[in-house]
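Structure, as structure tokens:
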Amino acid sequence: MANLKVDVSDLNKSFGDNHVLKGIDFKVANNEVVVLIGPSGSGKSTLLRCLNRLEDPTSGKVSIDGEDISNTKTNIDHARENIGMVFQHFNLFNNLTVGENIELAPVELGKLSKEDAASQAKKLLETVGLEDKYDAKPQSLSGGQKQRVAIARALAMNPDIMLFDEPTSALDPEMVGDVLEVMKKLAKEGMTMVVVTHEMGFAKEMADRVVFMADGVVVEEGKPEDVFDHPQNERTKSFLDKVI
Ligand code: ADP
Ligand code: MG
């Protein structure tokens, strides 16, 4: 595959004697939306965290945009600037306003002036449907609104790939739709995305490819209609029977 945004080969990760990722090959093309599914404990979060070296691989290679980020000589801070990450729990700074949360990284890292960061924050808040929350404190927001601020904050560094780790799992059901809408908008704009989610509707509608992981290996992958309607592997079948 040419133009690979993410190129993971033979990735292994152990925590002590817990061998969590067992020889993962995982590629993501530019502008591709990949949805990663699988049972709890299968290693989905660990794989995502290896992509920006929040976890150090035990062995194997992780390249982002052709740059080997498992190489300790690579400037990981620079590589991370291009990788946005959104977690299940939003981790907003509660002592800062919404606007300040979004402006913090680009200003601290010298990417934007305060004024430019502020006008960008306002634009990003429009993108996520929260233009009236610029001066709000995070604790005044609902979970779904906080998560949309977290997405805006990740976008503030102008990343060219976004990683989402169960972004809607901690939300009340009525909040899920608004967050998924923002993610759909990003996908339609051509953002390269890796999304761990149990929202199979999102996967069916937006994924270019679905990857099913179990027990630290990629068991099966393909177009959503193939994986969901004609799973080839018994483990995929039994997982889908439980979640769909
Ligand atoms: P998933 O996201 O698919 O639920 P995880 O990647 O979170 O799976 O976890 C896979 C395995 O790795 C689990 O057995 C988990 O306990 C273990 N694990 C994950 N992170 C750590 C860590 N920081 N230290 C020790 N074990 C971990
Ligand atoms: Mg996880």
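Numbers at a glance
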| read-out | value |
| --- | --- |
| Residue among Q120, T97, G38 farthest towards the positive dipole end of the chain, charges placed on Cβ | T97 |
| Simple Cβ-charge dipole of the chain, Lys/Arg +1 and Asp/Glu -1, about Cα centre, in debye nearest 20 | 220 debye |
| Karplus-derived 3J(HN,Hα), 6.51/-1.76/1.60, for each residue of region 84-91, Hz, glycine and proline x | x, 10, 10, 9, 4, 9, 6, 6 |
| Rg/Rh (Cα only; Kirkwood hydrodynamic radius) as it applies to the chain | 0.97 |
| Convex hull of region 97-233 built on C-alpha atoms - directionally averaged projected area, nm² | 9.4 nm² |
| Accessible area of the chain divided out per residue, in Å², using a probe of 1.4 angstrom | 47 Å² |
| Computed magnitude of the charge dipole of region 18-118 (debye, nearest 20; Cβ of K, R +1, Cβ of D, E -1) | 480 debye |
| Angle in degrees between helix 143-155 and the longest Cα principal axis of the chain, rounded to the nearest 10 | 90 degrees |
| Heavy atoms of T72 accessible to a 1.4 Å probe, total area in Å² rounded to 10 | 120 Å² |
| Amide H within-cut-off set for R209, under 5 Å, with H built and near neighbours excluded | V33, V35 |
| Solvent-accessible area of M157 with every protein chain in place, 1.4 Å probe, in Å² to the nearest 10 | 20 Å² |
| Under-5 Å amide H pairs with V20, H placed in peptide plane, nonlocal only | K13, S14, F15 |
| Helix-only CD estimate at 222 nm, as mean residue ellipticity for the chain, using -39500 (n - 2.57) per DSSP H run (n ≥ 4) | -11000 deg cm²/dmol |
| For the chain, share of DSSP beta bridges that run antiparallel, in % to the nearest 5 | 55 percent |
| Long-range amide H partners of D68 with built H, under 5 Å | none |
| Angle between the chain longest axis and helix 98-108 axis [Cα atoms, degrees, rounded to 10] | 80 degrees |
| On Cα atoms only, tilt of 173-188 relative to the major axis of the chain in degrees | 90 degrees |
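The values are calculated or read from the model by the stated rules, or taken from the named source; none is laboratory data. Everything numeric in this text was worked out from a predicted model, so none of it was measured. FYI the Cβ positions are ideal-geometry reconstructions off the backbone, even for glycines, and counts take in every protein chain you see. Remember, those area values only see protein heavy atoms, side chains included, never the ligands or the DNA or RNA. Shrake-Rupley method; radii C 1.70, N 1.55, O 1.52, S 1.80 Å.
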